[in-house]
Amino acid sequence: MRHLTRIQDLGPEGVEKILAQAAAWKRQAPGPIFQNRLLGMVFFNPSLRTRTSFEAVMLRSGGHAIVLDVGNGVWKLEDRVGAVMNADRAEHIKEAAPVLSRFADMLGVRAFSQGGGDEEDEQDSVINSFRKHVTVPLVSMESAREHPCQGLADALTLRENFGSTKKLPVTLTWAPHIKPLPKAVPNSFLLTAAAAGCEVRVAHPPGFELHPKVRAEAEAYAKATGGSVTYTHDQEEALEGSRAVYAKAWGPATRAGHAPGDVAALLASYSGWMPTRRSMSLAAKDAIFLHCLPVRRNVEVSDEVLDHPSSRVVDTAENRFHVQRSILQWILST
Ligand code: CP
């Protein structure tokens, strides 16, 4: 049985297959490939794109989707092994995952970081608990560690704009925010771009490092694909000549133990990292701009960058549909 909760489930070869299939089906839709199939979607967190794009994939491919919002008409779910369930979580994933598997042909789960820090995020306990207890294929709709559907949609956008991603210079830059955000999106952009052979430059202020295991995995993919990954605290250095600029707020690296006021002050001290047209002018002339959305305008990214013709944020959101159709077909096949 196939699951896709990490880019590791695909590796560089699988990434190529998903991207090629998604591109082919974007040109010519495959018809009702999910006829009589049911996708169960379990959301622990809100969504606009993920929810609608998965539902659209199922409905436009002859299937159906059921959406469950945990804690809102659905029991709050416990993931901790051996938990004494005497608080508000009324059902354990140990029962919920196999029960939902009796009704649906495949399951999707969205469960963000619970804010306990990098090591807790690396454990990714909610999605991994589902992975352990489902009896049908599972797809991540974003977990604490990764957002693989987003990373694959980003890579498809790069392919569409530049033909090939082999040695394509792309910058993943940290961007400011009003609060510390999870690292799933930057992790997935880094891992997928490295698996697609890009020359990835990661720029962030000191203290916002990505997890060493994520960096090691990206390094292995780059080695396998002829790409490269470099890190810098100098945003301008990274942007120089980049063909794509991906901005995202995340971190800091060890937010557990930080007082909220300290983190807010730290984030505010780097407000100059917000991408503007001036920073985009350092990139290549044909550089495109990417962001996963949602984005806080004029905090994380300036209006002038988001409204510029080089922005591909909406195209990339559309590509969620195309890669997810390909992903669901992949997890259903054996
Ligand atoms: N990019 C993304 O996953 O968007 P949503 O949070 O709206 O689903």
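Nothing in this text is a laboratory measurement; each read-out follows from the coordinates by a stated rule. None of the values given here were measured: they were computed from a predicted structure. Note that we place each Cβ from the backbone using ideal geometry, even for glycine, and neighbour counts take in every protein chain shown.
Going through the cross-link list Lys132/Lys248; Lys183/Lys248; Lys132/Lys223; Lys17/Lys166; Lys17/Lys183, which pairs have a Cα-Cα distance over 20 Å in this structure?
On the way: Lys132/Lys248 31 Å; Lys183/Lys248 9 Å; Lys132/Lys223 31 Å; Lys17/Lys166 15 Å; Lys17/Lys183 25 Å.
Those over the limit are Lys132/Lys248; Lys132/Lys223; Lys17/Lys183.
Using bins 5 angstrom wide from zero, how does P(r) for the range 45-167 break down, in % of all Cα pairs?
Percent of pairs per bin, in order: 2, 9, 16, 21, 21, 14, 8, 5, 3, 1, 0, 0.
Per the Kirkwood definition applied to all pairs of different Cα atoms, how many angstroms is the hydrodynamic radius of the range 175-266?
Values: mean 1/r = 0.0722 Å⁻¹.
Across the range 175-266, the inverse of the average 1/r is 13.8 Å.
Take peptides 325-333, 211-219 and line them up by average Cβ neighbours within 10 Å, highest first, as a rough protection proxy.
Working: 325-333: 20.3, 211-219: 16.3.
Order by mean packing, descending: 325-333, 211-219.
Of the candidates Ser188, Ser269, Ser164, which one comes out as most mobile in a Gaussian network treatment of the chain with C-alpha springs shorter than 10 Å?
For the chain, modelled as a Gaussian network with Cα springs under 10 Å, the answer is Ser269.
Given q = 0.29 Å⁻¹, what are the Debye log10 I(q)/I(0) values for the range 1-55, with equal point scatterers placed on the Cα positions and solvent ignored?
-1.14
If you project the alpha carbons of the chain onto the principal axes, what extent comes out on each, in Å, largest first?
Extents along the principal axes, in whole Å: 54, 51, 36.
Once you sort the root eigenvalues of the Cα gyration tensor of the range 185-332 as a ≥ b ≥ c, which label holds: rounded (a/c under 1.5), prolate (a/b larger than b/c) or oblate (the other case)?
Judged from the Cα gyration tensor, the range 185-332 comes out rounded (a/c under 1.5).
Can you work out D for the range 108-213 in µm² s⁻¹ from Stokes-Einstein, where Rh is the Kirkwood radius over C-alpha pairs, the temperature is 37 °C and the viscosity is 0.692 mPa s? Write out the running numbers ahead of the final one.
Numbers: Rh = 14.9 Å.
Roughly 221 µm²/s, to the nearest whole number.
For the range 1-72, what is the relative contact order in percent, using Cα pairs closer than 8 Å and at least 6 residues apart in sequence? All intermediate terms of the calculation are to be shown ahead of the outcome.
Values: 61 pairs, mean separation 23.6, N = 72.
Worked out over the range 1-72, it gives 33 percent.
Using alpha carbon centroids, what distance separates the range 114-130 and the range 162-197, in Å?
First find each Cα centre; the distance between them is then 21 Å.
Based on the mean of other Cβ atoms within 10 Å per residue, sort peptides 56-65, 87-96 so the most packed one is first.
On the way: 56-65: 17.8, 87-96: 15.7.
Final packing ranking: 56-65, 87-96.
Using alpha-carbon pairs under 8 Å, 6+ residues apart, how would you state the relative contact order of the chain in percent?
Values: 689 pairs, mean separation 68.6, N = 334.
The normalised contact order for the chain reaches 21 percent.
Fewest first, what order do Asp154, Asp9, Asp234, Asp69 take by the number of other Cβ atoms within 10 Å? Show your work: numbers first, answer last.
Values: Asp154 29, Asp9 19, Asp234 9, Asp69 16.
Result, fewest neighbours first: Asp234, Asp69, Asp9, Asp154.
Could you please tell me the mean projected area of the C-alpha convex hull for the range 210-254, averaged over all directions and given in square nanometres to one decimal?
On the way: hull surface 15.8 nm².
Projected area, direction-averaged: 4.0 nm².
What's the Kirkwood radius of the range 1-110 in Å, using all Cα pairs? It would help to have the intermediate numbers written out before the result.
Working: mean 1/r = 0.0626 Å⁻¹.
One over the average 1/r among Cα pairs gives 16.0 Å for the range 1-110.
Check the straight Cα-Cα distances from Lys285 and name the aspartates and glutamates below 12 Å, setting aside those fewer than 8 residues away within the same chain.
Leaving aside aspartates and glutamates fewer than 8 places away in the same chain, those within reach of Lys285 are Glu240.
Between the range 200-224 and the range 276-300, what is the separation of their alpha carbon centroids in Å?
Rounded to whole Å, the Cα centres lie 21 Å apart.
For the range 208-334, what is the relative contact order in percent, using Cα pairs closer than 8 Å and at least 6 residues apart in sequence?
Relative CO of the range 208-334 lands at 25 percent.
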